[in-house]
1. Restricting attention to region 108-122, and to residues there that are in a helix (DSSP H, G or I) and open to solvent by 10 Å² or more (accessible area, probe 1.4 Å), which single residue is farthest from ARG141 (Cα to Cα)?
2. In this structure, does SER151 turn out to be more than 30 Å from SER429 (Cβ to Cβ) and of a type in the set (Ser, Thr, Tyr)?
3. Which of the numbered conditions does ASP564 fail, given that it passes all the others? Conditions: (1) part of a helix (DSSP H, G or I); (2) without any contact (Cβ under 8 Å) to a residue 40 or more places away in the chain.
4. Which one of ALA591, ALA587 is open to solvent by 70 Å² or more (accessible area, probe 1.4 Å) and at pLDDT below 90?
5. Scan region 281-327 residue by residue and report those that are of a type in the set (Gly, Ala, Ser) and either free of Cβ contacts under 8 Å to residues at least 12 places away in the same chain or closer than 23 Å to ALA366 by Cβ (or both).
6. Filter region 80-107 down to residues that are part of a helix (DSSP H, G or I), within 13 Å of SER65 (Cβ to Cβ) and either in contact with a Lys or Arg (Cβ under 9 Å, 6 or more places away or on another chain) or not polar (S, T, N, Q) (or both), then give me how many there are.
Amino acid sequence: MANAPGVQQSRPEGKGYSAGKGGPAENKGYSQAHGKDARQKRNNKMDQRTDRGPNGRGDRGARSSIRRPVLAMCKAPDRRQAEESSQQLKAALLEAESGEEHVDGGLLGMAAAHAGRLGLKDVVDCLCAYAWSRLSDCQGREVAEMASAASRCGCQASRFFQFVIVYCGSTPDNFSSLRDISLIAAALVTQSASTPLDLAVAFEGLSKVAKKHLSGAVKPCVRDISEFFYALAASLGSQPFHGGPLLSNSWIVADVVTAIAQQLRPLLHKASSQDIAKATGGAAAAWTHMPHLQAQVLTSLMQDLSTAVRFRSSDFNLQDLSQILVAFAKVDVVEGLSLCVLEEQICANISAFKPKELSLTLWAMARPKVESTCSRVAVEEIMKRDLTSFSAQDLCMSAQALVKIGVSANPALCLVAGEVFARQVNGFSVMDKMLLLWVLAKSKVVHLALARLLVKDLAVDCKGIARDRISLGLWSLAVLWPNLRTSEPWPRLLASALLASSPWQSAPGHEITNAAWAFRQLPQDVVYGSWESLVQSVMWLHPPSLSSHELCNLLTGLMACPLDSPQVTCALQSAGAEIVQRPNVSAHDKALLSSSLADKSARKRLKALGLQSLLDLCKMRQLFAEEARQEVEEVARSHDAEFAESEEAEDDKGGEPAEKEHHVEEYCEERPPTPPQPSEDRDRWAQKHGSASSCSQTCCAAGCVTVAIPDDVDAWPSELKDLRLNSHCDFHGHCLQHKNTFIHVDCSAGSDSEDDCMLCNMTRRPRARSMDLPTRNKIKGLPLEARFQKEEDRVLDEDGAADEPEPPPIVLQ
């Protein structure tokens, strides 16, 4: 039937066929002609797109001089074949600039796209230099193409990007699709790493137009959503240069994140592995910067993303694996199974990780929320690598991760520190140097040469550091201070520079308490001028909201404060009262307090404030009591020394000066007669010593006076020769101590006669013979019997004879 006459078989006209013929073309003339016609049609469309005047209207007669080299560049398959057209394009741009020729924005965007594809950085630089002042004549797609090419080629076109920021903030409606928005957003984030850009202004404008496209009738694809989400989340912590709230606090950004989550969750089954990785990174960054969206928006999104990661774990490349692990480390709603599957893939491919991917993996494993089982594998991989291939940022990030992993990572940390020292910290930013100083202080890794090098570099230049990093550096310097050469000026210069910034002002509680601890470790002549500012910040703290470690740091620092102000007293009392009430204070914190209380002045200060309970907390009560006893003994010794000196002075002069009369009165003044007491009082006094084997009063030992008893008195038994007289007893008579028994002797105190009582005679006679005070002082310390004999001999010498005293009545109480 195919060969039936009159029936014409229809064949498709196109590739490999000739129009009006029954078989394939024998020659290729038609196909070549057809290809030329197709290219001509495309060029005509390009002409219609590019041949526009200043108002956007087509003007086929006013063609630009750069049109031909741009079209030639578009046809070039590689960089080598594009060399001639690129030179022509640069010359045409210079000619257009000199002749003030108007160039259509479409041509600029097309040229930038192909120059970026071919890696022609010089061409992109020329395009940016020509276009920065003419961006208002371009559409959003063209500006996005030029910004993307500039960031891809690494162009340092700071002026061009500054005007791109203005373009995005002032005319965001020029972007006609979410694809253009995601393209320029990714370019701005990439360029911000090397050029300061006001991302907050740009992304606030981009968020307004992105919200329209996300809620419009035409739904964007998952690729555009994930790329814009990733770029937006990376800029959430930025703040406008002119001041104002952070981008994460903007209501329009919150609405856009909510719309992204709603559009993204139903499309995850269509997403590629790279799209899932970027969406996971964006969700993790938003989780950190926007906690008010965690419960309602981000939790469900992260759970769906973790499920997608578990099912697509084998499709991720090495970069995606490290980025997803970093994202999971920032949140706490990730499925454990997804994390385990991800770690298995990392352990199996970690030897192929690039330095950046390996450092990111280490950082994620060091996070407290990640209980990683492959951290040991990563640490061993660091020790195997050639660290000379690591960038400065990779080394700094690896060092931070290793110090957080713990003591097991110290060998690898030593290798990293050695590599940093070998480079003499060249290529490290000021922020990197400050973080490395913290690493050395935190890890206790002894590398004094690197520590001194970092201190010297930071002492010369530590500007442009964030407040929290300055606070970190102050604490690190205080930890390393004992190991630094204090004879060099660099440590003091760095300390003065850090203190001048006052990083404790408007700081969280842990930074203020760390600063207080650092003030104690640094020389007081360096920190003296900053104490007042620190105390003012301390007064804003709420002690119950601080941890036990923070309270101990605060107490340790304030006890060294030289200021005697009510603020310091109030802060010490409130912090001390709070730490005493804490049930579980770690041994480390107790040791910290004990080291600060080792200073005697600190203990005296606590005693004055009524905080002796802190001594019990640190188990130092016995030491405090021993110090009190030593103080009492020292006072007693000084008093005895003064009295001995006064006696020696009187003996040398041979008289009794008027200024020493108070000593005579102290030891020789007669007590006034005590009236008889009622019987119940006497019973009470009698019970004081009657039933005791020894005197319980502390003054008994000091108040006992040796009494002389004559040996030749037959009426006195020999057992009474060791009597001692208690001069402090409340009994109205005399209190005698014989061994362990106290004896109260009645005495008629109403009479002033010397013959009434022998004991009274012994105490009254020196008053009548005040001139004999030196003689009495000489016999005062003699034994009992010898002292009595001296007294009797003196009486015989004066009166000629001495009546034999009769023993007084003895009453056993």
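1. ASP122
2. Taking the combined requirement at face value, the residue does not satisfy it.
3. The one condition ASP564 does not meet is (1).
4. ALA587
5. GLY281, GLY282, ALA283, ALA284, ALA285, ALA286, ALA295, SER306, SER313, SER322, ALA327
6. 11
A quick yes/no check of all residues on (1) surrounded by fewer than 20 Cβ atoms within 10 Å (Cβ to Cβ); (2) in contact (Cβ under 8 Å) with a residue 40 or more places away in the chain; (3) within 45 Å of the chain's Cα centre (by Cα):
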{"residue": "ALA82", "(1), (2), (3)": "no, no, no"}
{"residue": "ALA92", "(1), (2), (3)": "no, no, no"}
{"residue": "GLU142", "(1), (2), (3)": "no, no, no"}
{"residue": "SER148", "(1), (2), (3)": "no, no, yes"}
{"residue": "ARG159", "(1), (2), (3)": "yes, no, yes"}
{"residue": "SER170", "(1), (2), (3)": "yes, no, yes"}
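Okay, residues lined up against (1) more than 30 Å from ILE350 (Cβ to Cβ); (2) at pLDDT 90 or above; (3) hydrophobic (A, V, I, L, M, F, W, C):
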residue: GLU381; (1), (2), (3): no, yes, no
residue: ALA401; (1), (2), (3): no, yes, yes
residue: VAL425; (1), (2), (3): no, yes, yes
residue: ALA441; (1), (2), (3): no, yes, yes
residue: ALA451; (1), (2), (3): yes, yes, yes
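The values are calculated or read from the model by the stated rules, or taken from the named source; none is laboratory data. Please read all numbers here as calculations on a predicted model, not as lab measurements. Neighbour counts run over all protein chains shown; Cβ positions are idealised from the backbone, glycine included. Areas reflect the complete protein model, heavy atoms only, side chains present, ligands, DNA and RNA absent. Shrake-Rupley method; radii C 1.70, N 1.55, O 1.52, S 1.80 Å.
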